[in-house]
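Following this message is one structure expressed as structure tokens.
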Amino acid sequence: MGAYVIRRLAWLPLILFIVSFATFALARFGPGDPVTVAAGQIRDPEVLAQIRQDKGLDDPIPVQYARWLGDAVRGDFGESFIQRGFTVSELIFPKMWVSAQLGFLALVMIFVVGIPLGLLAARLAGTWVDPAIIGTLLFLQAIPVLVLIPPLLWLFALQFNILPVGGWDGIFEIWWIAGVIAVPIPDPHLYLPLLAFTLPGFVGVARLVRISALEVNTLDYVRTARAKGLSEANVQWRHVFPNSLLPVITVFGLALSGIIEGALFIEVLLGIPGIGSFLFEAVTSRDYDVIMAATVIFATAFVLTNLLAEIIYGLVDPRVRLGASRN
Amino acid sequence: MSQNRLLAILLSVLAVLVLVVGGLSAILLLSGGDDDNGGTASSGGGGTTTETGGGGGNLAEPSSGRIRLASSDPITLDPHLAGDATSAEYIVEIFGGLLTLDQDLNIVPDLAESFEVSADGLTYTFTLREDAVFHDGRSVTAEDVAYSLNRAASRELSSPTALAYLGDIVGMREYFFGLADSIPGIQVVDDRTIQLTIDAPKPYFLAKLTYPTAFVVDRQQVESNRNWTRRPNGTGPYKLTEWRLGERLVLEANQSYHLGQPSLREAVYLLSGGSALTRWENDELDVAPISVNDIDRARDPNSDLGPYYEAFPQFTISYLAFNVNQPPFDDPHVRRALGMSIDRERIANVTFDGMLQKATGILMPGMPGFVDDDLSLPFDPEAARAELAQSQYADNMPVIQITEVGAGAEASVDMQAFIEQWREHLGVEVQVRQSDFASFLSAQDQQQLQAFSAAWIMDYPDPEDVIDLLHHSGSQLNATGYSNPEFDALVEQARVEQDPTTRLDLYRQAEVVLLEDAPWVPLYFGVSHVVVKDQVQGWFEPPMVVPRLRYITVNR
């Protein structure tokens, strides 16, 4: 297993190289450039040409890419054109922090809500509740995020007017009681993005828990427990519940990559200053260095998440042997 | 794999999760608590904010009051790089130059106490004020001014705005392009005297000096600190005391400001976004812009917004531009026909609900040279059809494509109305193409667009900034390819005309020629709609960026 992980990690630089070069070239082949955008409304072509030359933006693409790569390897991701005077790293880490907080909350919520729903469905298998829960969750999963957000906004922000239409104000809002006691309550800006992140994700967890709980329910030790005269509640709590959780770990990686994927759309549509909306802004203003850094981060996160999913899966399920030859 | 091992894995995963959750919440709690501590204290809740009084305690009355505004991060606080209005709004408060604009957009001395113009109109001699100091107390000398102007045009800086504002100074262009090592047009006479020589007697040069590109920066700070723009040492009425990206930016009154102590002590800009009006209603902001969704409510004097609503005309113009080198717009009859068949007044009042004002020409009300007549082509479908009939394209109209900035699947609301009206009044079909901002700019600069919809924000209050700069046949910013010797002659004459009245009259004539030739169809002038809290007195939205905080008082 260790060797497999190392082998997989060894691929990471190559993947990043391919992704970054493709992104680099695509960005530069596209029309428009950051110098034009940054110039504002007075754009003298001669002046812009001079600036491009000063910044090395008129060099051949492989030369520019080599320069970028050399700097990036040393940890220098360049400077933003839309936030001058700050390095890309300085700008991108606060954005990653916002995305990470939100993604982490979403991840926890998917499990915290998905597991009880799955257990409930298993418990009530054979009644109408089971298909109702799973059917609803499947329906929610089938809606693309881009389609899901407008009705959520319409409902909660416009119709009921109880949630802000977007923005970000940290995880907690602090309520002061008598000006002394601080009570953290979740910030209202959190709810809509969390819904958008988690609604499509519940079903993966819930279904797996349901199947596994149903399976565990028929196993010998559960039958024995029942035969011993344990109350049904005790049987469920002590025997079924813990044993049906194991396979759930395997959807961890899947849920995480879903969240990373969703970040781009959800952050842009809900105005969350995370790395997704940062990348979007950078693309629209051709902020080359930011595009590159954000792409590299997204690609790395993707590769690592998938690897993590595989590792966990291999640990949990002895039938999966990572790195075993395929024949 | 044994049951035990599985359990061990599960437990360790859980343990890690618990640690992470615990750690995160601890960090969040700490930082969150911190943030809000500041917030409550300053909003006057539990904590008391004791002003530790400015150093200049013997001045008449210390600045007081605090205003909370919604804005976004400046792209840069380096005055020599900034070319956008958001950055400029902060920069004009923090920095200053030889000259500035007052509330009424008059050009008034700032760091300069006075200036003299030579008889030939080429040499400007500025005498600096004795009491002009940087925020850190150091005196501003002619050397500082010369350094700043040199820096603005330097190769190392690669400023996109340097030549637009300072290019008239003799030798500036050569210096920028690396053809010369110094700028002969900038001469330090003594500590308090600096002389600028320009290439032709251009009266609008003074107006250009009010733009941030000509502002003075602190050489010591710039050269010693790479990150100096994060806490710049300027000469302006306010100093930056805090800037957290995406969160807040705080300006505090410069108690020893040479043009008079500001009455407002502190301005807090909240940068995090979200609905400004909602936050205004929650009493988190003192001023909030009104969007088209809320304009009816704001205008209704009996609504909760009504008493607080104010509107201020802006020096911005939206226009349609036709590329005169591409058919069918190489025929002025077609341009005029299109311009006369759209009802801009109705669109401004109905489609935009009066958020915008119909453009009556190129110059906005309040601009020098503005006349109170409607110089623009009238809405007259009859005359438009007659124009079209005279055109060489009357029977064989090529495909017309208008480009606008946008990402949506459908055209902007006014463009949809135009298309409908062109179809109805002229029987002409027009296609709309939406393009992202960066692609749009580069296509516009290369005169690739057959027709486009855009806007212009005045940079300085002189007609040259829009009439000449965007339409002279030799101008680099002429995106329509428009060329008319009569027009060129008028604006060339206006460039160097020393008598202000004659000069503005020349621009008016040029404007009339331009509107008749119709490379542009002016659409609307911008209007800024805001609600302002009772405690704020003297709030105004100047038609273009000028320093304004120091005129405002807040009773809080």
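Along the Cα→Cβ direction, 7 angstrom out, place labels at B:Ser291 and A:Ile211. What is the inter-label distance in nm?
Spacing of the two 7 Å Cα→Cβ label points: 4.4 nm.
Over the whole of B:265-272, what's the average partner chain Cβ count within 10 Å per residue? Rounded to a whole number, please.
1
Helix by helix, which DSSP H runs in chain A go 15 Å or more along their axis at the Cα atoms and have an average Kyte-Doolittle hydropathy of 1.0 or more?
The answer, listed by residue number, is A:2-29, A:88-123, A:129-142, A:202-217, A:251-270, A:288-316.
OK, next. Calculate the FRET efficiency for A:Leu155 and B:Gln493 from the Cβ-Cβ distance with a Förster distance of 41 Å, rounded to the nearest 0.05.
Calculated value: 0.05.
Using θ = phi - 60° and the Karplus curve 6.51 cos²θ - 1.76 cosθ + 1.60, what whole-Hz ³J(HN,Hα) does each residue of region B:155-163 get, with Gly and Pro shown as x?
Coupling constants for region B:155-163: 5, 4, 7, 6, 7, x, 9, 3, 6 Hz.
Calculate the spin-label point distance for B:Ala407 paired with B:Arg433, positioning each point 7 Å from the Cα along the beta-carbon direction, and give it in nanometres.
2.0
Can you list which of the GluC sites (Glu not before Pro) found in region B:384-434 are DSSP loop residues with at most 11 other C-beta atoms within 10 Å?
Of the GluC sites (Glu not before Pro), the ones in loops of region B:384-434 whose Cβ has at most 11 other Cβ atoms within 10 Å are B:Glu410, B:Glu429.
Name the residues of region B:428-452 whose accessible area, probed at 1.4 Å, falls by at least 20 Å² once all protein chains are in place instead of their chain on its own?
B:Asp436, B:Phe437, B:Ala438, B:Ser439, B:Leu441, B:Ser442, B:Asp445
Round to the nearest 0.05 the FRET efficiency obtained for A:Thr224 and A:Glu261 when R0 = 25 Å and r is the Cβ-Cβ distance.
So the FRET efficiency works out to roughly 0.05.
Total accessible area buried between chains A and B, 1.4 Å probe, in Å² to the nearest 100?
4600
Okay, next question. What average count of beta carbons from other chains do you get within 10 Å of the Cβ of residues in B:179-187?
Whole-number average of other-chain Cβ neighbours for B:179-187 is 0.
Can you compute the modelled spin-label distance between A:Val5 and B:Gln537, with each label point 7 Å from Cα toward Cβ, in nm?
Going from the A:Val5 label point to the B:Gln537 one covers 6.9 nm.
Let me ask you something else. When ranked by the protection proxy of mean other Cβ atoms within 10 Å per residue, highest first, what sequence do the peptides B:282-293, A:112-123 form?
A:112-123, B:282-293
Positive end of the charge dipole of region A:96-327 (Lys, Arg +1 and Asp, Glu -1 on Cβ, about the Cα centre): tell me which of A:Leu124, A:Leu138, A:Pro193 has its Cα farthest that way.
Among A:Leu124, A:Leu138, A:Pro193, the one farthest towards the positive end of the dipole of region A:96-327 is A:Leu124.
In peptide A:42-55, how many Cβ atoms from other protein chains are near each Cβ within 10 Å, on average?
Across A:42-55, the average partner-chain Cβ count within 10 Å equals 6.
Over chain B, what relative contact order in percent results from Cα pairs under 8 Å that are six or more residues apart?
18
Taking R0 as 30 Å, what's the FRET efficiency between A:Leu12 and A:Arg67 from their Cβ-Cβ distance, rounded to 0.05?
Computed FRET efficiency for A:Leu12 and A:Arg67: 0.85.
Sticking with this structure for a sec: What order do A:Phe252, B:Phe215, A:Phe17 take when sorted by accessible area (1.4 Å probe), most exposed first?
Sorted by accessible area, descending: A:Phe17, A:Phe252, B:Phe215.
Count the net charge of all other residues whose Cβ sits under 15 Å from the Cβ of A:Leu270, scoring Lys and Arg as +1 and Asp and Glu as -1.
-3
Pop out the carbon and sulfur fraction of the accessible area of the protein assembly as shown as a percent, whole number, probe 1.4 Å.
58
Are there DSSP H segments in chain B that both extend 18 Å or more along their axis (alpha-carbon positions) and score a mean Kyte-Doolittle hydropathy of at least 0.0? List them, or say none.
B:3-42
Taking amide H atoms as placed 1.01 Å from N in the peptide plane, list the residues 5 or more away in sequence, or in a different chain, whose amide H sits under 5 Å from that of B:Glu242.
Residues meeting the amide H criterion: B:Val250.
The values are calculated or read from the model by the stated rules, or taken from the named source; none is laboratory data. Just so we're clear, the structure is a prediction, and the values are computed from it rather than from any experiment. Note that each Cβ is placed from the backbone with ideal geometry, even for glycine, and that neighbours are counted across all protein chains shown. Please note that ligands, DNA and RNA were not included when accessible areas were found on the heavy atoms of the full protein model with its side chains. Shrake-Rupley method; radii C 1.70, N 1.55, O 1.52, S 1.80 Å.
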